[in-house]
1. Using beta carbons and a limit of 9 Å, which pairs, at least six apart or on different chains, have the first residue in segment 161-186 and more than 15 Å from Val138 (Cβ to Cβ) and at pLDDT 95 or above and the second one of a type in the set (S, T, N, Q) and not in a helix (DSSP H, G or I)?
2. Being within 14 Å of Ile3 (Cα to Cα), in contact with a Phe, Trp or Tyr (Cβ under 9 Å, 6 or more places away or on another chain) and buried (at least 16 other Cβ atoms within 10 Å of the Cβ) narrows it down to one residue among Gly103, Gly124; which is it?
3. Please verify whether Ile108 is buried (at least 17 other Cβ atoms within 10 Å of the Cβ) and closer than 15 Å to Ile153 by Cβ, treating the condition exactly as stated.
4. Could you list, in sequence order, all residues of segment 67-91 that are in contact with a helix residue (DSSP H, G or I) (Cβ under 6 Å, 6 or more places away or on another chain), touching a residue at least 40 places away in the same chain (Cβ under 8 Å), more than 17 Å from Glu109 (Cα to Cα) and not polar (S, T, N, Q)?
5. Looking at (1) surrounded by fewer than 19 Cβ atoms within 10 Å (Cβ to Cβ); (2) charged (D, E, K, R); (3) within 23 Å of Asp48 (Cα to Cα); (4) modelled with pLDDT under 95, can you tell me which one Glu268 breaks?
6. Please enumerate the residues belonging to segment 14-35 that are among the aliphatic types (A, V, I, L, M) and surrounded by fewer than 22 Cβ atoms within 10 Å (Cβ to Cβ).
7. Which of the residues spanning segment 142-154 are at pLDDT below 95 and under 21 Å from the mean Cα position of the chain (by Cα)?
Amino acid sequence: MTIERISAAFDKARAASRSALIPYIAAGNPLPESTVPLMHGLVEAGADIIELGIPFSDPMADGPIIQKAAEHAISQGIGLRSVLSMVSEFRQTDTETPIVLMGYANPIERLGQQTFVERAAEAGVDGVLVVDYPPEEVKPFGEMLAAHDLAPIFLLAPTSTDARIEAVSRIAKGYVYYVSLRGVTGAGHLDTDDVARQLARIRTFVTLPVGVGFGIGDAVTAVKVAEVADAVVIGSKLIDVMNKAYQPLEQAHQTEAAIKAGCQWLKEIRVALDQAVKQPA
């Protein structure tokens, strides 16, 4: 299904007159064995699509929370191959929820682009967002993804020029991810009025759904963003909630408590989105 799974998720959310909810989690955090149960828990809590982060030692676009999660995963031996295995395990019981891998070029280059694409498709991945693959330079990689019906997903930012937005519009599939703040993940002070203005500009070029992330840390902000965005993407705050539940407890209960805390928090966001009335974009 691949790209079709992503389209179906947005169609379902649109039919319910709400934005899609896309949580980001770092594979292997808090523990490698917690990732797949967490993915299932997030679906039960209301996730429409899951962005699964590939741990990398130098995540330049990520703030301290996600950086720490990636470092923790790497220290436990989690790499790209492990992440693909996690997706395969998830697909054994969930064949509907889209999975988007989000990460950096280095792990993909080390494995080899063609090998990565083939293994991602075999595992059941639906889309790939590589932070440091600019659209102007990834035509061969995009063709590999297209050959396996995987969606190339790209970031846009407040600083993106019209030329960059147009370049993304020509190659992107599935959806595009608008980074609502200048800086790294987890930053604050989200200006939702500016988000609305920027999305209007983006939509003059892009016909795909537009998800918004960075700086969304509570239900009020999520609902405000959902008024103009096709999807709300939440990562740093979700990971922070899980990590705070994980740290103080005895080892035997840490993973269960972290999953429960994260899923409960996401469920509150989903309830708020369900209750809000979405304005036409």
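The values are calculated or read from the model by the stated rules, or taken from the named source; none is laboratory data. Just so it is clear, the model here is predicted, and its values are computed rather than measured. As a convention, Cβ positions derive from the backbone with ideal geometry for all residues, glycine included, and neighbour counts pool all protein chains shown.
1. Asp162/Thr204; Ile165/Thr204; Tyr178/Ser160
2. Gly124
3. Judged against the criteria, Ile108 is a match.
4. Scanning segment 67-91 gives Ala69, Met86, Glu89, Phe90.
5. If we test Glu268 against (1) surrounded by fewer than 19 Cβ atoms within 10 Å (Cβ to Cβ); (2) charged (D, E, K, R); (3) within 23 Å of Asp48 (Cα to Cα); (4) modelled with pLDDT under 95, just (4) comes out false.
6. If the condition is that a residue be among the aliphatic types (A, V, I, L, M) and surrounded by fewer than 22 Cβ atoms within 10 Å (Cβ to Cβ), then Ala15, Ala16, Leu31 are the ones that fit.
7. Hits for segment 142-154 are Gly142, Ala146.
One line per residue, one yes/no per condition, for (1) under 17 Å from Ala261 (Cα atoms); (2) in contact with a helix residue (DSSP H, G or I) (Cβ under 9 Å, 6 or more places away or on another chain):
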position	(1), (2)
Ala9	no, no
Ser19	no, yes
Ser34	yes, yes
Met39	yes, yes
